[in-house]
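What follows is a single structure, written as structure tokens, with notes after it.
The values are calculated or read from the model by the stated rules, or taken from the named source; none is laboratory data. Nothing here was measured: the structure is a model prediction, and the numbers come from that model. All Cβ positions, glycine included, derive from the backbone under ideal geometry; neighbour counts span all protein chains shown. Calculation scope for accessible area: heavy atoms of the full protein, side chains included, ligands and nucleic acids excluded. Shrake-Rupley method; radii C 1.70, N 1.55, O 1.52, S 1.80 Å.
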Amino acid sequence: QVQLAESGGGLVQPGGSLRLSCAASGSIFSSYTMAWYRQAPGKQRELVASTTSGGWTFYVDFVRGRFTISRDNAKNTVYLQMNSLKPEDTAVYYCNTHPRELWTWGQGTQVTVSS
């Protein structure tokens, strides 16, 4: 069973930046499209960005131009560089496969954008 471990969250002021990391155990990581999701208080989990095994990327409208997803298959790790953060980006961020979330969800990493 693949385990996911997200890290890199924290408290940041509006306009600031954070870089999230998600490490996956196991050697099959490189075969999958990976994605970042987020869940704000009282809301459903939603897709933020995805990257295929070959590095093609997709972003939802509300983060396009501000966030960058990338991956290092040798390290079984996917990253999310978040710039120009807004208060509405406050959420717990998770990674998983996409479009189907095949692996057990990790703990996530809390991102709080506030002055």
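Of all residues in the stretch 96-106, none are touching a helix residue (DSSP H, G or I) at 6+ places or on another chain (Cβ under 7 Å) and either outside any strand (DSSP E or B) or free of Cβ contacts under 8 Å to residues at least 40 places away in the same chain (or both).
Within the stretch 1-53, which residues are assigned to a loop (DSSP other than H, G, I, E, B) and polar (S, T, N, Q)? Gln1, Gln3, Gln13, Ser17, Ser25, Ser27, Thr33, Gln44, Thr52, Ser53 - these are the residues of the stretch 1-53 that are assigned to a loop (DSSP other than H, G, I, E, B) and polar (S, T, N, Q).
Scanning the stretch 17-49 for residues that are in contact with a Ser or Thr (Cβ under 6 Å, 6 or more places away or on another chain), at pLDDT 95 or above and open to solvent by 20 Å² or more (accessible area, probe 1.4 Å) yields a count of 3.
For the stretch 82-92, the condition holds for at least one residue, the condition being that it is in a strand (DSSP E or B) and either within 13 Å of Ser21 (Cα to Cα) or within 10 Å of the chain's Cα centre (by Cα) (or both).
Listed residues Pro87, Pro14; which is open to solvent by 40 Å² or more (accessible area, probe 1.4 Å), in contact with a helix residue (DSSP H, G or I) (Cβ under 7 Å, 6 or more places away or on another chain), closer than 23 Å to Ser114 by Cβ and of a type outside the set (Lys, Arg)? Only one candidate qualifies: Pro14.
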